[in-house]
Amino acid sequence: MDKVISAGLIAGISILISVNCVIVFNTWIAPENGPYVIEAESDTHEGADYLTFNDDTSIDNNSDNPLWLRARIIFNSRYSEDAYEIISSAADEGYWQKSSDGWYYYIMPLDSGDVSRPLIDKLFYEGKQAGHGATGKFRMHAEAVDDTWLSSSPENAAEAFRLYETECSGENTGRFL
């Protein structure tokens with residue numbers, strides 16, 4: 001009888017260890033779940049969060065002023081950047097414009113309380129749509145410039161960032177939102 005109880009306890013302990021290993025792997029070791037990771041990398045100004053990143057890759061303007069936006073997609077270095085394909089109706093329709101500097105610029109200033117169009121509708125990696133637990137993850141880095149920081153009114157977001165960088169060269173660029 002003692003051998004049966006011992007065998008049952010050993011089997012139970014083995015099952016608990018296996019379940020524990022799966023939980024630890026999925027919690028601490030495995031990459032984040034979801035088709036992509038949106039990481040807020042923007043600075044804050046005077047303790048306020050002016051940009052909010054949404055799960056659909058849109059951005060909220062939480063400031064009191066219109067903001068010029070730009071966003072960069074940063075691919076995980078474990079995956080080949082050439083294997084990505086991004087489907088974006090907002091880019092196709094001209095709301096986000098990709099520049100040769102690698103940034104996507106929003107074509108108009110985003111008014112206070114408004115939400116941008118999502119930058120990414122679908123993400124494909126090696127021809128397969130990325131989904132829950134899929135490979136091909138990325139981060140989205142966004143920056144904003146307040147029109148009031150500039151000495152002249154820009155015609156577009158790329159010009160707003162050029163003006164800001166020119167006017168603030170040599171200064172702490174922590175004013176990017």
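Taking Thr57 as meeting all but one of (1) part of a loop (DSSP other than H, G, I, E, B); (2) open to solvent by 80 Å² or more (accessible area, probe 1.4 Å); (3) farther than 18 Å from Gly113 by Cβ; (4) modelled with pLDDT of 50 or more, write down the number of the exception. In the conditions (1) part of a loop (DSSP other than H, G, I, E, B); (2) open to solvent by 80 Å² or more (accessible area, probe 1.4 Å); (3) farther than 18 Å from Gly113 by Cβ; (4) modelled with pLDDT of 50 or more, Thr57 misses (2) alone. Taking the criterion of being closer than 21 Å to Tyr95 by Cβ and surrounded by 10 or more Cβ atoms within 10 Å (Cβ to Cβ), the residues of region 150-163 that qualify are Ser153, Pro154, Asn156, Ala157, Ala158, Glu159, Ala160, Phe161, Arg162. There is no residue in region 37-51 that is polar (S, T, N, Q) and either at pLDDT 80 or above or more than 23 Å from Tyr105 (Cα to Cα) (or both).
Can you tell which of Ala142, Ala71 is open to solvent by less than 60 Å² (accessible area, probe 1.4 Å), in contact with a Lys or Arg (Cβ under 8 Å, 6 or more places away or on another chain) and closer than 24 Å to Glu159 by Cβ? Full working, then the answer.
On the way: Ala71 fails: in contact with a Lys or Arg (Cβ under 8 Å, 6 or more places away or on another chain).
Residue meeting the stated conditions: Ala142.
Hey, does region 92-99 have a residue that's surrounded by fewer than 20 Cβ atoms within 10 Å (Cβ to Cβ) and more than 30 Å from Glu167 (Cα to Cα)? Working first, answer last.
Taking region 92-99 as the starting set, the residues that turn out to be surrounded by fewer than 20 Cβ atoms within 10 Å (Cβ to Cβ) are 92-95, 97-99.
From the residues that got through so far, the ones that are more than 30 Å from Glu167 (Cα to Cα) too are 92-93.
Taking every residue of region 92-99 in turn, at least one turns out to be surrounded by fewer than 20 Cβ atoms within 10 Å (Cβ to Cβ) and more than 30 Å from Glu167 (Cα to Cα).
Could you name every one of the strands (runs of 3 or more DSSP E) located completely within region 83-167 that has at least 1 residues being under 22 Å from Asp60 (Cβ atoms) and in contact with a Pro (Cβ under 6 Å, 6 or more places away or on another chain)?
On the way: elements: 84-87, 96-98, 104-106, 122-125, 138-146.
In region 83-167, the matching strands (runs of 3 or more DSSP E) lie at 122-125.
Any idea which of Asn76, Asn33, Asn62 is modelled with pLDDT of 85 or more and farther than 22 Å from Glu165 by Cα? Answer to the selection: Asn62.
The values are calculated or read from the model by the stated rules, or taken from the named source; none is laboratory data. In this text the structure is predicted, and so the values were computed from the model without any measurement. Counting neighbours? That spans all protein chains shown, and the Cβs are built from the backbone with ideal geometry, glycine included. What goes into the accessible areas is simple: the full protein's heavy atoms, side chains included, and nothing from ligands, DNA or RNA. Shrake-Rupley method; radii C 1.70, N 1.55, O 1.52, S 1.80 Å.
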